[in-house]
Amino acid sequence: FSPPADPTVTYVLRATYQGVSYLVDPPILLSAELVSDQREITVFETTDVPPELRIESTVMSVQGLDRERGELSLQREDQVVNPSDRVYVGAADRVTLRIPVPDGVTGLALTDEIEATVRLDGPVATTTQALRPGSNLVVTRYVVGYDLASDRYRLRVTSPLPAAEMEIWVPERFVEDIEAGPGAVRASDRTIQDERWRVVSRIDPAREGESLVATI
């Protein structure tokens, strides 16, 4: 490629191989002093045969609270490990992961990026995100309803795969208390970007279908 060497322009190189998109990092900056640059792109073959996927960590966090409507906005982040040397792209339906949704889900809280890959299918959220060799961050977002009369919600996070760690994070300003369910403990509070979070952690690694529960 021969783009102009303009110091006010940042170039981002993208490659697509077998339907999977790859972004090259860092971006390319060209100027009169640096008129050319070189990048290497590693791409992978794809497979529709499920590898032995596992989850390094799952964090379900409460992102929003609407007291008038009795709704919580939740964000789930799964670090999914693909141990193979191929990108898993799913079978004919292209679904790569089926994630059990929390109780009381009324819908998905979608962003432009997530909307392209995530769908709600009854008791599960499906994603068509391609899972590359190594660790992949899979993000899903939900809206759930809770009982205004009792002013509490029992949050159950169920793992679709073996998971080494599972946590629930709730902003301190949202709650009076958070109670750990069976097999879980209250962990140390965390502070990130001036937000104080109360945390519940699962004691042991989870097998496929096992859960972490906390009452908020």
Looking at Leu108, is it modelled with pLDDT under 95, surrounded by fewer than 18 Cβ atoms within 10 Å (Cβ to Cβ) and within 18 Å of the chain's Cα centre (by Cα)? yes
For residues in segment 162-197 being in a strand (DSSP E or B) and either free of Cβ contacts under 8 Å to residues at least 12 places away in the same chain or touching a Pro at 6+ places or on another chain (Cβ under 8 Å) (or both), which is least open to solvent (accessible area, probe 1.4 Å)? Ala163
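Checking the condition among the charged types (D, E, K, R) and under 28 Å from Asp204 (Cα atoms), which residue from Arg14, Arg86, Arg54 passes?
Residue meeting the stated conditions: Arg54.
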State all residues of segment 76-112 that are touching a Phe, Trp or Tyr at 6+ places or on another chain (Cβ under 8 Å) and not charged (D, E, K, R); if no residue qualifies, say none. Asn82, Val87, Thr96, Val101, Pro102, Gly104, Val105, Gly107, Leu108, Ala109
Being open to solvent by less than 60 Å² (accessible area, probe 1.4 Å), touching a residue at least 60 places away in the same chain (Cβ under 8 Å) and in contact with a Leu (Cβ under 7 Å, 6 or more places away or on another chain) is the filter here, so list the residues in segment 8-60 that pass it. Leu53, Ile55, Met60
Name the residue that is surrounded by the most Cβ atoms within 10 Å (Cβ to Cβ), counting only residues in segment 66-98 that are modelled with pLDDT under 95 and of a type in the set (A, V, I, L, M, F, W, C). Ala91
Suppose the filter is on the phi > 0 side of the Ramachandran plot, surrounded by 14 or more Cβ atoms within 10 Å (Cβ to Cβ) and touching a residue at least 40 places away in the same chain (Cβ under 8 Å); does Gly209 pass it? no
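The values are calculated or read from the model by the stated rules, or taken from the named source; none is laboratory data. Worth saying up front: this structure is predicted, and the values here are computed from it rather than measured. Ideal geometry is used to build each Cβ from the backbone, glycine not excepted, and the neighbour counts take in all protein chains shown. When the accessible area is computed, the model is the full protein with side chains, heavy atoms only, and any ligands, DNA or RNA have been set aside. Shrake-Rupley method; radii C 1.70, N 1.55, O 1.52, S 1.80 Å.
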